[in-house]
1. Could you tell me which GluC sites (Glu not before Pro) in the stretch 283-369 are loop residues by DSSP with no more than 11 other beta carbons within 10 angstrom of their beta carbon?
2. Across the stretch 354-365, in residue order, what do the Karplus-derived ³J(HN,Hα) couplings come to in whole Hz, using 6.51 cos²θ - 1.76 cosθ + 1.60 with θ = phi - 60° and x for Gly and Pro?
3. Determine the sum of side-chain charges near Gly100: Lys and Arg each +1, Asp and Glu each -1, restricted to other residues whose C-beta is under 13 angstrom from that of Gly100.
4. Give the ranking of Lys408, Lys91 by solvent-accessible surface, highest area first, calculated with a 1.4 Å probe.
5. Taking R0 as 35 Å, what's the FRET efficiency between Glu65 and Asn421 from their Cβ-Cβ distance, rounded to 0.05?
6. Given axes a ≥ b ≥ c from the Cα gyration tensor, I'd like to know whether the stretch 19-156 is rounded (a/c under 1.5), prolate (a/b larger than b/c) or oblate.
7. Can you give me the distance in nm between label points at Asn81 and Asp262, each placed 7 Å from the Cα along the Cα-to-Cβ direction?
8. Among residues other than Glu221 whose Cβ falls under 11 Å from its Cβ, what is the net charge (Lys/Arg +1, Asp/Glu -1)?
Amino acid sequence: MDVLRIEGPVRLSGQVPVNGSKNAALPIMASALLAEGQSSLIGVPDLSDVRVFVELLKHLGCRVERNDQGHMLIDSTVVDNPVGEYEIVRKMRASICILGPLLARCGRAEVSMPGGCAIGDRPINLHVRGLRELGAKIHLKNGYVIAEAPDGLTGASIFLGGSFGSTVLGTANVMMAATLAKGRTMIESAACEPEIADLAHCLNAMGARISGIGSPRLVIEGVSQLHPVEYTVIPDRIEAGTFMVAAAITGGELELINCRLDDMMAVVDRFRSIGVAVEKAGSGCAVARTGPIKPAEITTQPYPGFPTDLQAQFMALLALAEGNSVVIEKIFPDRFMHVAELNRMAADLRKEGPAVVVAGVEKLVAAPVMASDLRASAALVLAGMAAEGTTVINRVYHIDRGYEQIEKRLNPLGAKIYRENA
Ligand code: EPZ
C-alpha cells in the first residue's frame, strides 16, 4: 500500500498543464456504447478510475486500447454482455453511467447499484425515474438494477430534479438513452456542469440531436442510430482548481496551461475574494498569492455554483486564513472526511451539521494522515505542502483515482513529495 511523504513548507512556481477531465471522459467513454464501431477519444487522463472503466467496457464486449498518441480507441461493435458486475462497479460509482447507453443499445441492462462511499450515499432514484419515463421497465434484484426496453424507448418530458437539485450522472444516463428513443425528450432540471455539456457535444458529433446544452432544459430529438466519433474531452476544472489552491496555499505563483476559466467563475470569484490573483494567461491562467489569505463563506451548489469537488481543497486553504470562514456542503452533506485529518495537522475546524466553521491558524503542522475520498486526499497533499515538517498520507490509491501521478506533476514546481511502498 503506497504512502506519500510530503516535506513542507514549500513555495510552488512554474507552469503546469491541466489534464483532460475525468468527469467528462467517463460518461463520454460510456457514450461509445451507443454507436457500433471504433471511437477515438483524445485527452482521456490515465487515472485508476479510467482504467476501471476500461475494464468495465471490455467486460461488456468492447475492445479498448490506447494508441501511441495516447488516444483511447473504443470499439463497441460487439456489446454482448450488458452486465455491470458488482466487483467492478463497487470500485467506481460512476460506472452507473453505462445504464442508459446499454438500455438504448441492447434493450436491456443489469448494473450493480453503486452503494455508498466516503462522501456519503450515492442514490440512483433519479436515474431510475428518468429511464422509466422513457418507457424502461426497471426493478432491483440482489443489488442490481435490471432495466428492460425490448421494444425500444419513447421520448418523454422528464423533471429530473431531486432534493439536492440536479444530478450529473443521472442527466448523463437519461440524455444518452434519449438519443436513440422514438420522438422528443425534454429533461427539465438537467445538470448544467461543463462535463455534461461536453458529453452532449460529443453525442451531437455522433449524430444525436440535442439542444439547450449547458442549460437546465435539454431537448433531445431521438434518432435511429449514432456513428462512432473522434472527440477531445475538455480540460479538468477540478484538477485546475486543485492546482490553483496549490499556488495559493504555498504563497507561490503558477501558470496553468489549458484551463477554461469560463467554466470556473464561482471558484475564481472565491479566490479573488480571499486575496488570490487569478488572471487569464494564454490558453489558461496565472494564479499568485502575495498577501494574507482573507476568510470567506463557501457554499457548494450544482453548476454554476461552487463545485463540491473543490470544497475540501478550498477548506485546506481557508485553514490558513486571517479570520473565521464558513464552508457549507449542500451536495454531499457528509463530505467532511478531511476535517478530522486537517485538524490532526493543527487546523482549527469545527463541524456544525452541513457546515464547518474554519478558524484560521498561523500555520499547519505535519502529521501522519489518512486519505479517504479522492478530493479530501488532494486537500491533504495541499496541506502537507504548506505544513511544517513531513506529512505522511496513507491509502494513496484514493488520490490516484483522480490525479495522474500527482507527485510527478507537483515536484517540478518545487514540491517535495515522495511515493513510498509502506
Ligand atoms: C458527479 O457525481 C461527479 N462524478 C462527482 O465527482 C461530483 O461530486 C458530483 O457529480 C456532484 O457534482 C462524476 O462525474 C464521475 P450527482 P454524481 O448525481 O453524478 C443526489 C469526483 O470527485 N442524488 O450530481 O454521482 C446525490 O446523493 C466525484 O470526481 C439523488 O438524490 O452526483 C447528491 O446529493 C465525486 N438521487 C446530489 O444528488 C440520484 O438519483 C448530486 O449527485 C442521484 C443523485
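1. In loop regions of the stretch 283-369 (DSSP not H, G, I, E or B), the sparsely surrounded GluC sites (Glu not before Pro) are Glu362.
2. Each residue's phi maps through the Karplus curve to give x, 10, 10, 8, 10, 8, x, 10, 5, 8, 9, 10 Hz.
3. Surrounding charge for Gly100 is +3.
4. Order by accessible area, largest first: Lys408, Lys91.
5. Once rounded, the FRET efficiency stands at 0.80.
6. The shape class here is oblate.
7. Each label point is offset 7 Å from its Cα along the Cβ direction, giving 4.3 nm.
8. Its environment carries a net charge of +3.
The values are calculated or read from the model by the stated rules, or taken from the named source; none is laboratory data. None of the values given here were measured: they were computed from a predicted structure. Don't worry about glycine lacking a Cβ; one is built from the backbone with ideal geometry, like all the others, and counts go over all protein chains shown. Only protein heavy atoms, including side chains, enter the accessible area calculation; ligands, DNA and RNA are left aside. Shrake-Rupley method; radii C 1.70, N 1.55, O 1.52, S 1.80 Å.
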